[in-house]
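Reading through the structure tokens given below for one structure.
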Amino acid sequence: MKELLNIDEIFMKEALREARRARDLGEVPVGAVVVMNGQVVVRGCNSMLTSRDPSAHAEMVVIRKTALLTGNYRLNGATLYITLEPCLMCSGAIVLSRVDRVVYGAREPKTGAHESAFQVLSNHRNNHMPDVTGGILAEECAAILSDFFRKRRAEKKARKRAEREAAADPAIPDS
């Protein structure tokens, strides 16, 4: 079991690298990788803003890429590493694509669809139930999200303050 956790941490660090890439692009920092036969075969991150696609969550991006790479929508033998617990949409895609195993970092209390808000991945009514391991490098995965949203809130607050100041003290026009 310890060996599996070490492997999971190694691949979760790869997903974290993708989350940092998303952050650097101004996207919500969620990253994912797909591993098959012990190798990362596909990498991806949230790209909803850059692609103008509301379904471009990191999980959806890598599931699509892996299906294209393998030539099959069924991703048997695949392990999906994600920095955040999957949402309803992504969990549905995970079930439909028959991913064997899902490993995620931080829980998502508002929209998580494994153990937090919903229990999609473990629902016995599904025609497929992947093995799921949560909490791998959870603190690091949560921290990148917290830092991102803290910075975003501070930037929004500073913008509003600047707008208020500009409205309260209009520049004197040149004569």
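Picking from residues in the stretch 130-168 that are outside any helix (DSSP H, G or I) and of a type in the set (Val, Ile, Thr), the one that is nearest to Pro29 (Cα to Cα) is Ile136. Count of the stretch 142-172 residues, restricted to those that are open to solvent by 80 Å² or more (accessible area, probe 1.4 Å) and of a type in the set (Ser, Thr, Tyr), is 0.
Every listed requirement among (1) charged (D, E, K, R); (2) buried (at least 21 other Cβ atoms within 10 Å of the Cβ); (3) over 30 Å from Arg153 (Cα atoms) is met by Glu59 save one, (3). Scanning the stretch 57-76 for residues that are over 10 Å from the mean Cα position of the chain (by Cα) and not in a helix (DSSP H, G or I) yields Gly71, Asn72, Tyr73, Arg74, Leu75, Asn76. Name every residue in the stretch 117-141 that is open to solvent by 90 Å² or more (accessible area, probe 1.4 Å) and out of contact with any strand residue (DSSP E or B) (no Cβ under 7 Å at 6 or more places or on another chain), in order of residue number. Once the filter is applied, which keeps residues that are open to solvent by 90 Å² or more (accessible area, probe 1.4 Å) and out of contact with any strand residue (DSSP E or B) (no Cβ under 7 Å at 6 or more places or on another chain), the stretch 117-141 yields Gln119, His124, Arg125, Asn127, Met129, Glu139. The residues on offer are Pro86, Pro54, Pro29, and the sole one that is surrounded by fewer than 24 Cβ atoms within 10 Å (Cβ to Cβ) and in a loop (DSSP other than H, G, I, E, B) is Pro54. The residues of the stretch 62-74 that are closer than 19 Å to Met12 by Cα and either β-branched (Val, Ile, Thr) or open to solvent by less than 30 Å² (accessible area, probe 1.4 Å) (or both), listed by number, are Val62, Ile63, Thr66. Considering every residue within the stretch 70-89, establish whether at least one is in contact with a Leu (Cβ under 7 Å, 6 or more places away or on another chain), farther than 21 Å from Val120 by Cα and of a type outside the set (Ser, Thr, Tyr). Within the stretch 70-89, not a single residue is in contact with a Leu (Cβ under 7 Å, 6 or more places away or on another chain), farther than 21 Å from Val120 by Cα and of a type outside the set (Ser, Thr, Tyr).
Can Met36 be described as surrounded by 14 or more Cβ atoms within 10 Å (Cβ to Cβ) and either touching a residue at least 24 places away in the same chain (Cβ under 8 Å) or within 14 Å of Leu80 (Cα to Cα) (or both)? Taking the combined requirement at face value, the residue satisfies it.
Restricting the stretch 89-116 to residues that are among the hydrophobic types (A, V, I, L, M, F, W, C) and in a loop (DSSP other than H, G, I, E, B) leaves a set whose member that is surrounded by the most Cβ atoms within 10 Å (Cβ to Cβ) is Val99.
Against the test of being among the aliphatic types (A, V, I, L, M), more than 13 Å from the chain's Cα centre (by Cα) and under 30 Å from Arg150 (Cβ atoms), the options Val33, Val28, Val103, Val120 yield a single qualifying residue, Val120.
The values are calculated or read from the model by the stated rules, or taken from the named source; none is laboratory data. Owing to the predicted nature of the structure, the values given are computational and were not obtained by experimental measurement. Note: ideal-geometry Cβ built from the backbone for every residue, glycine included; neighbour counts use all protein chains shown. Surface accessibility is based on the protein's heavy atoms, side chains included, excluding ligands, DNA and RNA. Shrake-Rupley method; radii C 1.70, N 1.55, O 1.52, S 1.80 Å.
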